[in-house]
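Student: This is the structure I want to talk about, given as structure tokens.
The values are calculated or read from the model by the stated rules, or taken from the named source; none is laboratory data. Quick caveat: nothing in here was measured; it's all calculated off a predicted structure. FYI the Cβ positions are ideal-geometry reconstructions off the backbone, even for glycines, and counts take in every protein chain you see.
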Amino acid sequence: MPVRSLMLMLAISAALGAVPAAAADTSQGRALYESRCDACHDKSVHHRSARKARNIGEIRHWVARWNSELGGAWKDDEIDAVTRYLNQRFYKFPCPARLCADEKA
């Protein structure tokens, strides 16, 4: 019984230790999105049946495209953060480790 309890505590500690990194990353993507995209895109854009993105690569494509259309102020890591935020919040597509390593909490 003590070994099982110790293993459970270690598993919970490891999971809790990973949560802040994912939450911080989601916060960055959310802040970027809300500061630049919310004026034209509300939640209905992402929930509509005719939405254009059908996988996480397409979400990133649209984020990068509109970043370029609006002057290209975001760097690749910021585009990735917005992509992760949109995917986690609205789409729920499988996310490759290279893009969503921080979400494995």
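Student: Name every residue in segment 69-92 that is over 9 Å from the mean Cα position of the chain (by Cα) and free of Cβ contacts under 8 Å to residues at least 40 places away in the same chain, in order of residue number.
Tutor: Selection gives GLU69, LEU70, GLY71, GLY72, ALA73, LYS75, ASP76, ASP77, ILE79, LYS92.
Student: Further question on the same structure: Out of ARG54, ARG30, which single residue is at pLDDT 75 or above, among the basic types (Lys, Arg) and not in a loop (DSSP other than H, G, I, E, B)?
Tutor: Result of the check over ARG54, ARG30: ARG30.
Student: For segment 58-90, enumerate the residues that are small (Gly, Ala, Ser) and either under 11 Å from GLY29 (Cα atoms) or surrounded by 13 or more Cβ atoms within 10 Å (Cβ to Cβ) (or both).
Tutor: ALA64, ALA81, listed by residue number.
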